[in-house]
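Report on the following structure.
The values are calculated or read from the model by the stated rules, or taken from the named source; none is laboratory data. Note that the structure is predicted; figures quoted are calculated from it, not measured. Using ideal geometry, Cβ is built from the backbone for each residue, glycine included, and neighbour counts are taken over all protein chains shown.
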Amino acid sequence: MAGIPAASHGCQAAFPPDLAKVGEMRQTAGAFLRRCRVSEPVAAVVVLAVSELVTNAVIHGEGEVVLRITVAVDVVRVSVTDHHPAPAVLKEAGPDGESGRGIRLVDAISDAWESSGEETWCEFRYARAAG
């Protein structure tokens with residue numbers, strides 16, 4: 001089987017807001033991306049975004065957190081929802097600040113991102129491996 005089929009593939013996980021779930025979601029994302037044959041460099045960046053968005057939802061969100069990852073021919077989309085109505089925003093963290101860098105990091109590593117309040121998503125475009 002060469003690369004990702006033309007159809008998209010997705011996975012979804014819903015869980016209570018618990019920081020212990022962040023590592024579990026990183027592992028779940030990594031396993032799913034490997035199964036979809038996403039290259040390791042792309043997968044590593046996507047897993048980093050999963051970590052940041054899930055952490056943000058657990059700390060700042062409300063209620064159940066839902067992680068969705070969709071892999072298509074040339075794009076990986078990560079979506080995290082919770083029940084908090086305020087959108088995620090870019091912040092300037094001070095040099096000694098312990099938080100406030102997650103969305104800025106997602107902005108720096110993704111090709112696109114947006115937050116509507118309950119949903120924050122990002123996308124990563126990549127070239128499909130020949131095979």
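Listing for the model above:
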item	result
Condition check for residue 10: within 14 Å of the chain's Cα centre (by Cα) and either of a type in the set (Gly, Ala, Ser) or on the phi > 0 side of the Ramachandran plot (or both)	yes
Some residue of region 56-67 being outside any helix (DSSP H, G or I), touching a Cys at 6+ places or on another chain (Cβ under 9 Å) and at pLDDT below 95	no
Odd one out for residue 31, checked against (1) part of a helix (DSSP H, G or I); (2) at pLDDT 95 or above; (3) closer than 21 Å to residue 112 by Cα; (4) not β-branched (Val, Ile, Thr)	(3)
Failed criterion for residue 39 (all others in (1) out of contact with any Pro (no Cβ under 6 Å at 6 or more places or on another chain); (2) more than 24 Å from residue 125 (Cβ to Cβ) hold)	(2)
Residue within region 113-123 that is in contact with a Lys or Arg (Cβ under 9 Å, 6 or more places away or on another chain), at pLDDT 95 or above and of a type outside the set (D, E, K, R) present	yes
Residue 73 modelled with pLDDT under 95 and among the β-branched types (Val, Ile, Thr)	yes
Qualifying residue in region 7-24 (condition: free of Cβ contacts under 8 Å to residues at least 40 places away in the same chain, surrounded by 14 or more Cβ atoms within 10 Å (Cβ to Cβ) and either under 17 Å from residue 121 (Cα atoms) or of a type in the set (S, T, N, Q) (or both))	yes
Residue match in region 97-106 (condition: under 24 Å from residue 10 (Cα atoms), at pLDDT 90 or above and surrounded by fewer than 20 Cβ atoms within 10 Å (Cβ to Cβ))	yes
Pairs with Cβ under 9 Å, 6+ apart, first in region 41-65 and under 14 Å from residue 82 (Cβ atoms) and surrounded by fewer than 18 Cβ atoms within 10 Å (Cβ to Cβ), second small (Gly, Ala, Ser) and modelled with pLDDT of 95 or more	64/14
Region 25-40: number of residues that are loosely packed, with under 12 Cβ neighbours inside 10 Å and under 16 Å from residue 106 (Cα atoms)	0
